[in-house]
Amino acid sequence: MRTTITLILVAGISLLMPAIAAAQSISEVQAMSPEDRRAYMQSMSKDERSAMRDRWRSEFDALSDEDKESIRMRRTEMRQDRGQNRAAMRDRWNSMSEEERMASRDRHRAKRDERRERWESMSDDERAAARARRDEHRSARQGQQKNRHNGQRRPDRPDGEQL
């Protein structure tokens, strides 16, 4: 009986080892390029993605307060950089050679075509669900922006106009 239990345990562990080895921590996924990260997440099933998010959440919760705050600050800086780097993006575009510009345009077109192909391959129900997710995301973002700016005065306006 004991040997049977031991064999079952060993077999179960040997079956789980590839899954455990493939599982990645937050830092490993963050180190991936955006394309690799997207492909990695899309390769998972919905249940695997939710399990991965739960695992990442538990890893984050286990961090010290200082580490959590540094991660939050880094994320805030990244969000601010996205919105404030228009001039840098324009300078980078102006400094590109014509070949680099064509390559950038081609990458943009390829991404657009990929999105269009994915959209066209969806059923009507999947499209409706995607629209609902988009609308939900937009309304959540607009709510966050309202809450963040509610009642604050614009410092760049001499009349102190409300945001």
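Coordinate-derived values only; no laboratory data. Keep in mind it's a predicted model, so treat the numbers as computed, not measured. When we count neighbours, we look across all protein chains shown, and the Cβ atoms used for this are built from the backbone with ideal geometry, even at glycine.
Here, P(r) means the percent of Cα pairs in each 5 Å bin from 0 to the largest distance; for the range 101-146 it is 5, 20, 13, 16, 15, 15, 13, 3.
Approximating the spin labels as points 7 Å out from Cα along Cα→Cβ, the Glu136-to-Glu100 distance works out to 4.1 nm.
Potential lengthening of the chain between Arg107 and Ala87 amounts to 5.1 nm, from the contour at 0.36 nm per residue minus the alpha-carbon distance.
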